[in-house]
Amino acid sequence: MKTYDTREEWLVALVDALRPVFYDSGLGLEIPAVRVSCSWPSRSIRKRLGECWHSKAAKDGSRHIFLTPLMDDGPEVAAVMVHELLHACLPDGAGHKAPFKKGMKALGLEGKATATNAGAALTKRLHAVCEELGKYPHSALTLQDAPGKKQGTRMLKLVCPGCGYTIRTTAKWIETGLPTCTCGEEFTCSQS
């Protein structure tokens, strides 16, 4: 078992180790040259575990695969890699339509085409691949303590106890005095 110093070295080795999985699928799919990296997706960082950027997006025409830094379990990373490599094998713009669905079933991926997971046979194979590669040299990040935590709203909710009408305003305006509702009751500040 070889050990890898960087995530990217491990991911490159994973791509090579997955070539037989694609060959054995019977689809005649060959994994093209891809660049792989551990990186945040372009959007939906809590939901997207991986992204495949096709050749049109890169100046040199290469495909790029990015896997989220929220994962550090080798077989889980490998399952996401299979999903993204399937995208890389298909023509640009194929998305999650019929060719992808056919490919995912042949490879042993299950679930919705947009959120696959490895079936039992593929899981067994991915565990064997990861045993050969050794531990994925990455420690998963959590979003809980991420730098630049999203600021909560500055607007505070005011509720009329008489009719339930709600408005929002800033703490600055509340300091000058709470407004009166059209029904005649004074608004109260709610914490939600």
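Report the FRET efficiency, 1/(1 + (r/R0)^6), for Asp5 and Leu70, where r is their Cβ-Cβ distance and R0 is 25 Å, rounded to 0.05. Write out the running numbers ahead of the final one.
On the way: r = 21 Å, r/R0 = 0.85.
In this case the efficiency is close to 0.70.
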What is segment 41-125 by shape, rounded, prolate or oblate, if you read a ≥ b ≥ c off the alpha carbon gyration tensor as root eigenvalues and call it rounded for a/c under 1.5, prolate for a/b larger than b/c, and oblate otherwise? oblate
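List the trypsin sites (Lys or Arg not before Pro) in segment 94-148 that DSSP assigns to loop (not H, G, I, E or B) and whose Cβ has at most 15 other Cβ atoms within 10 Å. Which are they?
Working: sites: Lys97, Lys101, Lys102, Lys105, Lys112, Lys124, Arg125, Lys135; in loops: Lys97, Lys135.
Passing sites in segment 94-148 are Lys97, Lys135.
Rounded, prolate or oblate, given the Cα gyration tensor of the chain, with a/c below 1.5 counting as rounded?
Working: a/c = 3.08, a/b = 2.56, b/c = 1.21.
Note, shape of the chain comes out prolate.
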For the pair Thr142/Thr180, report the inter-label distance in nm, with labels modelled 7 Å from Cα in the Cβ direction. 5.0
Most fluctuating of Leu86, Leu27, Leu156 in the GNM of the chain (C-alpha, under 10 Å) is Leu156
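Which of the three applies to segment 1-43, rounded, prolate or oblate, going by the alpha-carbon gyration tensor with a ≥ b ≥ c and a/c under 1.5 meaning rounded?
Numbers: a/c = 2.98, a/b = 1.35, b/c = 2.20.
Cα axes put segment 1-43 in the oblate bin.
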To the nearest 10 degrees, the tilt of helix 120-133 (Cα long axis) against the first principal axis of the alpha carbons of the chain is 80
What distance in nm separates the two pseudo spin-label positions at Asp24 and Lys124, each 7 Å out from Cα along the beta-carbon direction? 1.0
With every protein chain in place, the accessible area of Asp24 for a 1.4 Å probe, in Å² rounded to the nearest 10, comes to 90
Enter the angle in degrees (range 0 to 90, nearest 10) between the Cα long axis of helix 98-107 and the first principal axis of the Cα atoms of the chain, meaning the one along which they spread out most. 60
In nanometres, the difference between 0.36 nm per residue of separation and the alpha-carbon distance of Thr170 and Ala94 is 22.6 nm
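Gain in length, Glu110 to Lys56, computed as 0.36 nm per residue apart minus the alpha-carbon separation, to one decimal in nm? Display every interim value, and only then the final one.
Values: separation 54, 0.36 × 54 = 19.44 nm, distance 2.84 nm.
Here the answer is 16.6 nm.
The values are calculated or read from the model by the stated rules, or taken from the named source; none is laboratory data. Just so we're clear, the structure is a prediction, and the values are computed from it rather than from any experiment. Counting neighbours? That spans all protein chains shown, and the Cβs are built from the backbone with ideal geometry, glycine included. Surface accessibility is based on the protein's heavy atoms, side chains included, excluding ligands, DNA and RNA. Shrake-Rupley method; radii C 1.70, N 1.55, O 1.52, S 1.80 Å.
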